[in-house]
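Note sheet for the following structure.
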Ligand SMILES: [Zn+2]
């Protein structure tokens with residue numbers, strides 16, 4: 001096993017920190033005291049969708065939660081605690097749920113949905129995690145779609161489903177029920193890996209309650 005990738009990261013971090021301090025000497029001193037991001041990003045773990053890089057953001061700009069296939073399950077304490085903290089403590093104003101083209105998690109669910117659902121279907125952390133997305137794939141009519149069309153359709157349906165879940169969650173319904181609370185808007189985005197561009201698919205706010 002090579003430790004070169006690790007040393008490369010550490011070296012790059014040192015160079016980056018030096019260049020930030022050269023441009024903005026008090027950046028880290030200020031950053032260390034408080035965070036006031038306006039955005040919560042919920043995205044896929046995919047290495048090709050690093051939120052801060054693709055939006056040219058700085059430390060402190062984006063509160064982040066990422067998992068396989070950008071899921072927001074209503075029983076997932078990890079995602080729920082991030083959303084709750086972001087809305088109620090950090091004071092974010094926008095939640096962006098970000099899917100992306102060629103998502104490996106979505107591909108896995110398309111394959112899983114073709115299989116026969118029996119008790120012998122292997123249960124692993126990943127298959128359990130992706131079960132709701134696999135069920136969503138089964139609910140779609142993909143019979144007339146090519147493989148790439150089917151994948152795009154699943155990626156879009158997944159974004160809309162997770163946006164709907166976020167809109168049903170307690171922190172958002174509570175914020176939307178209180179006209180005196182800070183406004184929070186929920187966005188569904190798709191990042192095109194081949195183009196490097198983000199497209200907005202859906203926007204929801206307190207006026208468009210489910
Ligand atoms: Zn993905």
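Inspect region 189-207 for any residue being in a helix (DSSP H, G or I) and touching a helix residue (DSSP H, G or I) at 6+ places or on another chain (Cβ under 6 Å) and give the result as yes or no.
Step one: list which residues in region 189-207 are in a helix (DSSP H, G or I), which gives 206-207.
Then drop every residue that is not touching a helix residue (DSSP H, G or I) at 6+ places or on another chain (Cβ under 6 Å), which leaves 206.
Checked region 189-207: at least one residue is in a helix (DSSP H, G or I) and touching a helix residue (DSSP H, G or I) at 6+ places or on another chain (Cβ under 6 Å).
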Quiz item: How about region 39-55: which of its residues are within 16 Å of the ligand (Cβ to nearest atom) and either part of a loop (DSSP other than H, G, I, E, B) or on the phi > 0 side of the Ramachandran plot (or both)?
Solution: 45, 46, 47, 48, 49, 50
Quiz prompt | Meets criteria (out of contact with any strand residue (DSSP E or B) (no Cβ under 7 Å at 6 or more places or on another chain) and buried (at least 19 other Cβ atoms within 10 Å of the Cβ)) for residue 18 | solution = no
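Among 58, 36, which is farther than 26 Å from residue 181 by Cα, part of a loop (DSSP other than H, G, I, E, B) and touching a helix residue (DSSP H, G or I) at 6+ places or on another chain (Cβ under 8 Å)? Before the answer, list the steps.
On the way: 36 fails: farther than 26 Å from residue 181 by Cα.
Only one candidate qualifies: 58.
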Exercise. Filter region 161-188 down to residues that are under 12 Å from the mean Cα position of the chain (by Cα) and in a helix (DSSP H, G or I), then give me how many there are.
Key: 3
Quiz item: Could you give every pair whose Cβ atoms fall below 7 Å, whose first residue belongs to region 37-64 and is touching a residue at least 40 places away in the same chain (Cβ under 8 Å) and farther than 24 Å from residue 102 by Cα, and whose second residue is in a loop (DSSP other than H, G, I, E, B) and away from the ligand (no atom under 12 Å from the Cβ), counting only separations of at least 6 or pairs across chains?
Solution: 37/60; 37/61; 37/92; 38/92; 38/93; 39/61; 39/92
Quiz item: What number goes with the only condition from (1) within 13 Å of the ligand (Cβ to nearest atom); (2) in contact with a helix residue (DSSP H, G or I) (Cβ under 9 Å, 6 or more places away or on another chain); (3) over 24 Å from residue 204 (Cα atoms) that residue 150 does not pass?
Solution: (1)
Quiz item: Which members of region 57-105 meet the condition of being touching a strand residue (DSSP E or B) at 6+ places or on another chain (Cβ under 8 Å) and within 10 Å of the ligand (Cβ to nearest atom)?
Solution: 66, 67, 68, 69, 70, 98, 99, 100, 101, 103, 105
Practice problem: Identify the single condition in (1) outside any strand (DSSP E or B); (2) touching a helix residue (DSSP H, G or I) at 6+ places or on another chain (Cβ under 8 Å); (3) closer than 30 Å to residue 182 by Cα that residue 17 does not satisfy, given that it satisfies every other one. | Solution: (3)
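Quick note: the coordinates plus some simple rules give every number you see, no bench work behind them. The structure displayed is predicted, hence computed values, not measured ones. When we count neighbours, we look across all protein chains shown, and the Cβ atoms used for this are built from the backbone with ideal geometry, even at glycine.
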